Amino acid sequence: MKSNKAIEKIRVWYRRLKKRFIQPSPKLKGVKVRGLKENFKLAFEKPYSLAYRLIGEKTANVLSLFRDLDSNLRRSELKISFKAYVSLTVLASILLSFTVLAIVPCLLFFVLHMSLSSAILFGVGGGLFTWAFTIIGFYVYPFYRADKLRRELEDELPFTTGYMAILASAGVSPERIFYSISNVSVPLAISAEAKDVVRGVNLFGADVISALEQTSEQTPSERLRELLEGFISTIHSGGKLAAYLREKSRQYMKLKRISLKKFSDTLSILSEFYVALLVTGPLLLVIMLAVMAMLGGGELGFLSPSLLLQILTYIGIPVGSVIFLIILDAVSPKW
């Protein structure tokens, strides 16, 4: 009974809220008002959809500056249209740059007691840097995402082709081979590519060759594109699909061994850089700045040794570690 009363109270509260905030006022009859209901929907939209609705038509003049993004967006599997992504890039860069332009001068003027002109100059510089950094970040992210997907696909190819060769040897049709890959229990990057093939055949009614050709055009991996094109050629020529896949599996396994040997050499170099830049270097700087702070000298403008020490400890070392982790993730194989 108590639960029913609580549910009834929630329903009454919701009706009152809907009547007060969502329904338009009778005083606004004849006036074109979108209403708070549409504003609520707008607030909970996805960021790129919201950006496209706000400034999508105004970004037509800058689309040519991002022409390289169109193909990389398709290859990165972001599932965002080109115009919507450019709109999000422009809107995010404008909002972030104006936020930095407003906050940085206030912090420098009221907290660090800098002169007003210097604070404004730092704010303008920070805003321009934020604008440029945001544009570059949005521009580079699809390339990074496509490259990461390419590495994952190429890491999985030696094992995937072996699995496909087993299925082909058992007489499984090409459609069922890709259907089986798309439904494996272990999440794989190639499963998304196989799902595209299955979707093209089952949903759009295309034949398996047309679906494979479309997938080969969109994949970021040159090796997978070569495998699919050879797959198509083998079907056309009536060759033995199992023998072709077994040969490809041996070839990709040899390339896998070579790439792992290169990765071990790269990892040893990165470890030496990490020790030099993020262990020994910061330790020497901390000791130097601590001694300078005790002696009461060595100020660089408004940057005292104690402030430099805090910047190094709480900003420099964490940011450097994050950058190193990103680099390590970019070169590490998944398998």
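Values in this text are rule-based calculations from the coordinates and carry no lab data. A quick note: this is a predicted structure, and the numbers were derived from the prediction, not measured. Cβ placement follows ideal geometry from the backbone for every residue including glycine, while neighbour counts extend to all protein chains displayed.
Computed values, structure above
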| item | result |
| --- | --- |
| Counted charge near L73, where neighbours are those whose Cβ lies closer than 11 Å (Asp, Glu -1; Lys, Arg +1) | +2 |
| For segment 279-288, 3J(HN,Hα) per residue [Karplus equation, 6.51 cos²θ - 1.76 cosθ + 1.60, θ = phi - 60°, Hz, x = Gly/Pro] | 10, 6, x, x, 5, 5, 5, 4, 5, 5 |
| Residue exposure sequence - F110, F324, F122 - by fewest surrounding Cβ within 10 Å | F110, F324, F122 |
| Derived scalar couplings ³J(HN,Hα) [segment 114-129; Karplus, 6.51 cos²θ - 1.76 cosθ + 1.60; whole Hz; x for Gly, Pro] | 7, 5, 5, 5, 5, 5, 5, 5, 5, x, 5, x, x, x, 5, 5 |
| Cα gyration tensor, segment 150-258 - rounded (a/c under 1.5), prolate or oblate | rounded |
